[in-house]
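Visitor: Could you have a look at this structure, given as structure tokens, before my questions?
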Amino acid sequence: MTDHCHQYRAYLVGDDGVFRSAEAFEAASDASALTFARQFTRHGKVEVWQLGRKIAVLEPDQPLPTAHTRQ
């Protein structure tokens, strides 16, 4: 059985609320996408999206939110 990966984007959000940069990546679930995107919070607030669906907003130095995961 092959694991399905989903397309995600992590957007670094500036102080003015405007996206400053984006990183596209693949992950098997929302939870694994949040774990991967956590690395970008060293630069500030990060929004994690899967297509048109916002998964979470990650703040620097805060624990990962509980995601409604898709397997």
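The values are calculated or read from the model by the stated rules, or taken from the named source; none is laboratory data. Predicted model only: the values in this text are computed from it and were never measured. When we count neighbours, we look across all protein chains shown, and the Cβ atoms used for this are built from the backbone with ideal geometry, even at glycine.
Visitor: Looking at region 33-62 only, could you name the residues that are more than 9 Å from the chain's Cα centre (by Cα) and of a type outside the set (A, V, I, L, M, F, W, C)?
Guide: If the condition is that a residue be more than 9 Å from the chain's Cα centre (by Cα) and of a type outside the set (A, V, I, L, M, F, W, C), then Gln39, Thr41, Arg42, His43, Gly44, Lys45, Gly52, Arg53, Glu59, Pro60, Asp61, Gln62 are the ones that fit.
Okay, residues lined up against (1) at pLDDT 95 or above; (2) touching a His at 6+ places or on another chain (Cβ under 8 Å); (3) surrounded by 16 or more Cβ atoms within 10 Å (Cβ to Cβ); (4) not basic (Lys, Arg):
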{"residue": "Cys5", "(1), (2), (3), (4)": "no, no, no, yes"}
{"residue": "Ala10", "(1), (2), (3), (4)": "yes, no, yes, yes"}
{"residue": "Ala22", "(1), (2), (3), (4)": "yes, no, no, yes"}
{"residue": "Ala31", "(1), (2), (3), (4)": "yes, no, yes, yes"}
{"residue": "Leu34", "(1), (2), (3), (4)": "yes, no, yes, yes"}
{"residue": "Ala37", "(1), (2), (3), (4)": "yes, no, yes, yes"}
{"residue": "Ile55", "(1), (2), (3), (4)": "yes, no, yes, yes"}
{"residue": "Ala67", "(1), (2), (3), (4)": "no, no, yes, yes"}
